[in-house]
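Structure first, then comments.
Computed from the coordinates by the stated procedures, all read-outs in this text should not be read as laboratory data. Keep in mind that this is a model prediction, so the values were computed, not measured. Backbone-built Cβ (ideal geometry, glycine too); neighbour counts: all protein chains shown.
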Amino acid sequence: MRSRVIAATATLLLATLTACGSSDDSKPAAEGSPASETLTSEPTPDPTPSRQPILKMDSTWEFDGTLDGEDVQGSVTVIDYKQGIKSIADASEETGSDGYVWAYTELKTCSVIGSFLATTEPWTLAYEDGTRIEPSSSTWGDFPKPEYPFETKLTPGRCVRGKLVFPVPENDWPHTVVYAPYGIDTPQEWAVPTEG
């Protein structure tokens, strides 16, 4: 049944794309469009790039889709961001550059339908100048607890919550927390409140 639905959807999509790409001026204008407007095969550029709206801190993003042939539905929340946390280890030692400190973002990921891995890999901090910072490759004993797990499998009705630590430039503040897992076309971002 599922393969027939997918095949039918693909056929319908192909027919729609073919119809939209037609340059036959004899076809009537679409309902609601001016009579003088004609369809052309030239694509019209989108004035704004396709992207998810940037969410506020402590907002939840819900998703659904198919992963490895299984339907999945879940949610992700970026709860908080703190910069300048203390540790026995020096963030500058991890980066190999002076002027770095530790920061964390608190995250929560839940599965509603299906099973999937929640990992640290899709998370980065984005800066206004285009810089991206990945999570720390270390897990020191005095990092804020609970720590977001490196990798855990979530099953329906289960969540994981914890703090993910990053080495960040001491005198700069990230613009957004970015979630870009494999399989989604457009990453989701949460705005980091300005240093305050």
* **Per-residue ³J(HN,Hα) for the range 66-77, Karplus 6.51 cos²θ - 1.76 cosθ + 1.60, θ = phi - 60°, Hz, x for Gly and Pro** => 10, 10, 6, x, 10, 5, 10, 8, x, 8, 9, 10
* Modelled label-to-label distance, ASP185 and ASP142, 7 Å Cα→beta-carbon offset: nm? -> 4.8
* **Full-extension gain in nm, LYS56 to ASP98, via 0.36 nm per residue minus C-alpha separation** => 12.0 nm
* To do: Kindly state, to the nearest 0.05, the FRET efficiency for GLU128 paired with GLU151, given R0 = 25 Å and r defined as their beta-carbon distance.
  => 0.25
* Structure fact -> Share (percent) of C-alpha pair distances in the range 66-175 greater than 20 Å works out to 44
* Based on the Cα gyration tensor of the range 130-194, what are the three equivalent ellipsoid semi-axes, each the root of five times an eigenvalue, rounded to whole Å and given largest first? -> 22, 19, 11
* Asked: Quick one: length gained pulling ASN171 to GLU121 fully straight, 0.36 nm per residue minus the C-alpha distance?
  -> 15.5 nm
* If a/c stays under 1.5 just call it rounded; otherwise compare a/b with b/c (prolate if a/b is bigger, oblate if not). Do that for the range 56-126, with a ≥ b ≥ c from the square roots of the Cα gyration tensor eigenvalues. => prolate
